[in-house]
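J.: Here's a structure for you.
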Amino acid sequence: MSGARFRRLLLALVAGALGLASGGAALALGTAPQTLMNPAGPQGLELYKAMIFDIKGIILLWVILAFLLLYVVVRFSDRSHGKELPPQVEGNRNLEIGWSLALIAGLVIFLVHPVKAEFVFENPPEDPNAVEVKVTGHQFWWEVEYPQYGIKTANEIVIPAGTVVLVKTTATDVIHSLGVPRLGGKNDSMPGRVTKIWWKADQPGVYQGQCMQLCGQSHARMYFRVVAKTRDEFDAWVKAMQNPVVKAEGAAAKGQDVFMQKCAACHTIGGTSAAGTVGPNLTNLGLRTSIGGGIRENTPESLTQWIRDPQSLKPGALMPGAEKPAANGYPATAVTQEEVDALVAFLEGLK
Amino acid sequence: MAVIAEKVATPAVRKTRADSGIWGWITSVDHKRVGVLYLAMGILFLVVGGIEALLIRLQLMKPENNIITGGIYNAVLTQHGTVMIFFAATPIIWGIFNYMLPLMIGARDVAFPRLNMFTVWLTLFGGIILNAAWFAGGAADAGWFAYTPLSSSTQFSGIGMDAYLVGVMLAQIGTTLTTINFVVTIFKMRAPGMSVMKMPPMVWKLLGSAALAITAGIPFMVGMLLLMFDRWFGTSFYGPNGGGDVLLWQHLFWLFAHPEVYILALPAFACVDEVLPVMSRKPYFGYTSMVAAVIAISVIAWIVWPHHFYQVGLGAGVNILFATTTKMVSVPTAMFFFNWIATMWGGRIRFNTAMLYSLGFLFLFLVGGLTGLVNASSSTDRQFQNNYWIIGHFHYVAIGGIVFALLAGLVYWYPKMSGRLMNETLGKIGFWTQFIGFNITFFPQFLVGLEGMPRRTYTYVAGQGWELYNLISTVGAFILALGIGIFAINLVGSLFFGKKAPADPWDGHSLEWTIPSPAPAYNFARLALVRGREALWYEKLHGNGKMQAAPEDEGRHGNAVHMPSPSVAPLVTALGLAILGVGGMLRAPLGPIGLLGLLVTIVGILIWVTEDASGYYLAVDKEDEA
């Protein structure tokens, strides 16, 4: 086999292998909790369609141009060892004007879908049952408020599936960004400004979101969840939140005492006299699927770890641990293991 | 020039270069030494930024890793971005072009030699201050984009942020001045016969870049000044509680930072502009449309900045407007691309290391450019903003595009700078290692982006579907680092063991190949008369292969050439500004350190305006004369 043929075969093999690998990778996409490839609502779907159209377009362009480039490189490699001088072409006005015009025309193809998606994104559909939610970013958690129902919660945004959710977002300290990729695009939460976004989940389910603007030490730990329930379940949840009932018996009763003594300055729990507003509102914590802003499932074990040493899970958080003070100097709580167990029993029982 | 010649009626002719030794380097105003200093500084900071990149990749190798977490990680990512852009890429580019620009336009020096050296010191001191924060309480950690209020309030960020402001401000002053110097040099110092439409393609691209750097740098420096006021004097330009607006900074920053992409990319393209025609043994294809495209890109670059923050609620109309202007950038860029392909079309392509880097650039920049078309949309960017897709996109532009093109330029001009050729075998091994490592590192980042991983996160919990991509990416980063290491070994090793380079090793097209390698201190023994667009190539095709001497040569007296005087003023002035900056970094610009800095600056300026800068005459080498 001659050197040139071998090189061509090698190139074809490499191109084929790359094509297969990319194809395989593309098939594997769409399973992650925050994937852009599996939209779960009309707004996300519109962004997805625009994105996929453009991505297909650029893959096509890449294949054409990369092969053109390869062709030129192989076809015009110097076989004369520097002896020959090629024709000295300095340009071709018609060709240059032609491709410039073609480029401008081709650009229009890439404008159509995204412009349509932009209008879908900016204009929520009319929905008389629309639910309004106000989300406020803090370092490093999300305050959630439902002005229609007078409810406050944190880090988990419960919404009814099949209903338009109108979200207003802002922040108190630095800029955060509220993004739930499967429901659609993101909006920044900025101090001194309010921005709007809308979601609609087609099906009940849990949709993970995350802060998407660098906001300090634990930016990476500022997840949250959007929990879409059926309308009936949602209405039941609203009722439970509006009239939280705290039944604390046994260990939980002791936990409540500890809470009032050590935690109530910063946290609110509906149905008790705890009304602190520095940290997240913990009303009906037992109903939530996750803790710590979505970094751990809501289990007694993870709650124990969180109470003992929040800085290990979320460096820079304002919550002090049992032994370590908080990032801003709030002193350690000095809770004993027994007290932690009681606290966990109390908090997990809030539902 | 005429005035100076009168003043020095009987010039003292020095036989050899006067400014030898370390003191010679410090006080030199020779554009070639300025170039070498810039290059050395850029490569040094490239290593610093590269180590930071590897730390980032190590940390992200697996979920909930604990190598660098939280604030330290944020500091590393901030420093990586800041160092790479302001202190690695920028100095390497200004280094190559400070060295090459006068040679390519047939000039003996730049328009403002002392100013030129001043910018080196400013950038160097800026870089030192920025990195010194690591040892003074922690480096900047609000991102290279330094969004307020994270950056503007001392409650959220410490001394590192002050160091960032001082360091980047010094570097920006340097960049503004050096690009002013470029523009004046291009307009005033070209060899006789070189009309603007006969300048090498590279000079046009440098001109576009310099024009952007001068104009776009201003809003950024104003923005940083306001930020300094917020941090040091308690004003509230950016704080919502005091009536400021957090978005103001984003506008001022991106007004500069988007054009910055073209400020860096245009000179990088320029390297490819020079390599491709020479290695294809053809003239550059489509010169006129290239000039139009440079002008177009320099204008459009100014009107795309809001595409960095579609998600702040500007409204559909504004977003669509700027998405459209952003996509328009692809037209001039694609025109460059087609010109490059057409330049090779029908040529006789030689595959040496410089050419391989140029071809690697074409393949990778194609990916970077095309992916940009997707995230240019205001709607789809609501998903991509701050997503790993963007990291993939801009590293394909910044490394695949800018760095590969610059390496092509470095290999290509290395013989002219050092007098020796870089080792071809090692060069090719290094190239392929980098090319493969680069793709393994950054291609998975498109995929992990599509799976929703946000950037600037120091870790991720398991089960997000991101583990495999991150692991592959980390492996790739080390392969890429190995490739860069091989290049560095070649770069340094060839200084000592490389083959001696002839004056014209590549059968070149432009004026720098008419003078000996390495370039003599006076560059051109006789000024050349430019008769064609690619001056030397024209003479090779239509003349006897040698440049004709220009009829008039004001810089030459007898057998000697007029040279600018060495000066210590640039160093003193820059040192003064740096000391003032240290005062600022300690949040007391009007404290004793700051005032000392001001004093030194004034002394520097006094030396500058009062010293004898009439120059001296250097005898031309006998061999060169023939």
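Bear in mind that the values in this text are calculations on the coordinates, not laboratory data. As the structure is a computational prediction, the values presented were derived from the model and not from experiment. Note that we place each Cβ from the backbone using ideal geometry, even for glycine, and neighbour counts take in every protein chain shown.
J.: Give me the count of lysine pairs in region A:205-263 whose alpha carbons sit under 22 angstrom apart, restricted to pairs 8 or more positions apart or on different chains. All intermediate terms of the calculation are to be shown ahead of the outcome.
T.: Details: A:LYS229/A:LYS239; A:LYS239/A:LYS247; A:LYS247/A:LYS262; A:LYS254/A:LYS262.
For region A:205-263, qualifying lysine pairs total 4.
J.: Now a separate question. Tilt of helix B:201-232 relative to the longest C-alpha principal axis of chain B, in degrees (0 to 90, nearest 10)?
T.: 50
J.: Still on this structure, I have one more. Excluding residues on the same chain fewer than 8 positions from B:LYS205, give the lysines whose Cα lies under 19 Å from its Cα.
T.: Correct list for B:LYS205: B:LYS188.
J.: Okay, moving on. Could you give P(r) for the protein assembly as shown, binned at 20 Å from zero, as whole percent values over all Cα-Cα pairs?
T.: 13, 42, 31, 12, 2, 0
J.: Moving on to the next point. Please rank A:CYS211, A:CYS263, fewest neighbouring Cβ atoms within 10 Å first, as an exposure proxy.
T.: By the 10 Å Cβ count, ascending, the order reads A:CYS263, A:CYS211.
J.: Let me know the Kirkwood hydrodynamic radius for region A:144-278, please, with Cα pairs as the basis and the value in Å to one decimal. Provide the component values of the computation, followed by the final result.
T.: On the way: mean 1/r = 0.0603 Å⁻¹.
Every distinct Cα pair counted, the radius reaches 16.6 Å.
J.: Using the alpha-carbon centroid of each, what span in Å lies between region B:482-506 and region B:394-464?
T.: For region B:482-506 versus region B:394-464, the Cα centre distance is 19 Å.
J.: Would you kindly calculate the mean projected area, averaged across all directions, of the convex hull enclosing the Cα atoms of region B:415-572, in square nanometres? If you can, show how the numbers build up before the last one.
T.: Values: hull surface 65.5 nm².
Here the figure is 16.4 nm², rounded to one decimal.
J.: Note the per residue figure in Å³ for the convex hull of the C-alpha positions in region B:345-488. Intermediate values should be presented prior to the final figure.
T.: On the way: hull volume 18.1 nm³, N = 144.
Taking only Cα atoms, region B:345-488 has a hull volume of 126 Å³ per residue.
J.: Using only C-alpha positions, report the orientation-averaged shadow area of the convex hull of chain B, nm², one decimal. All intermediate terms of the calculation are to be shown ahead of the outcome.
T.: Numbers: hull surface 110.0 nm².
About 27.5 nm², averaged over all directions.
J.: By how many degrees, between 0 and 90 and to the nearest 10, does the Cα long axis of helix B:246-280 differ from the longest principal axis of chain B?
T.: 40
J.: What FRET efficiency do you get for A:ASN94 and B:TRP302 if R0 is 22 Å and r is their Cβ-Cβ distance, rounded to the nearest 0.05? Can you show the working numbers first?
T.: Numbers: r = 31 Å, r/R0 = 1.39.
Computed FRET efficiency for A:ASN94 and B:TRP302 comes out at 0.10.
J.: Here's a follow-up. For A:LYS56, list the lysines whose Cα falls under 25 Å from its own Cα; do not include residues on the same chain fewer than 8 positions away.
T.: A:LYS116, A:LYS186, B:LYS327
J.: Right, something else. Sorting B:TYR538, A:TYR71 on the 10 Å Cβ count, fewest up front, what's the list? Before the final figure, lay out each step's value.
T.: On the way: B:TYR538 17, A:TYR71 12.
In increasing order of surrounding Cβ atoms, one gets A:TYR71, B:TYR538.
J.: Can you give me the relative contact order of chain A as a percent, contacts being Cα pairs under 8 Å and 6 or more apart?
T.: Working: 620 pairs, mean separation 49.3, N = 351.
Normalised by residue count, the contact order of chain A is 14 percent.
J.: Any number yet on Rg/Rh for chain A, C-alpha, Kirkwood?
T.: Details: Rg = 28.1 Å, Rh = 24.1 Å.
Here the Rg-to-Rh quotient is 1.16.
J.: Right, another one. Hey, what angle do you get for helix A:337-348 against the long axis of chain A, alpha-carbon based, 0 to 90 degrees rounded to 10?
T.: Once rounded, one gets 80 degrees.
J.: Give the Rg/Rh ratio for region A:88-210, taking Rg as the radius of gyration of the Cα atoms and Rh as the Kirkwood radius, to two decimals.
T.: On the way: Rg = 21.4 Å, Rh = 17.2 Å.
Dividing the radius of gyration by the Kirkwood radius yields 1.25.
J.: If neighbour count is taken as other Cβ atoms inside 10 Å, put A:ASP309, B:ASP612 in order from fewest to most. Each step should come with its number before you reach the end.
T.: Details: A:ASP309 16, B:ASP612 9.
Arranged by neighbour count, lowest to highest, A:ASP309, B:ASP612 become B:ASP612, A:ASP309.
J.: Under a straight-distance cross-link criterion of Cα-Cα below 18 Å, which lysines are reachable from B:LYS62, leaving out those fewer than 8 residues away in the same chain?
T.: Reachable lysines: A:LYS314.
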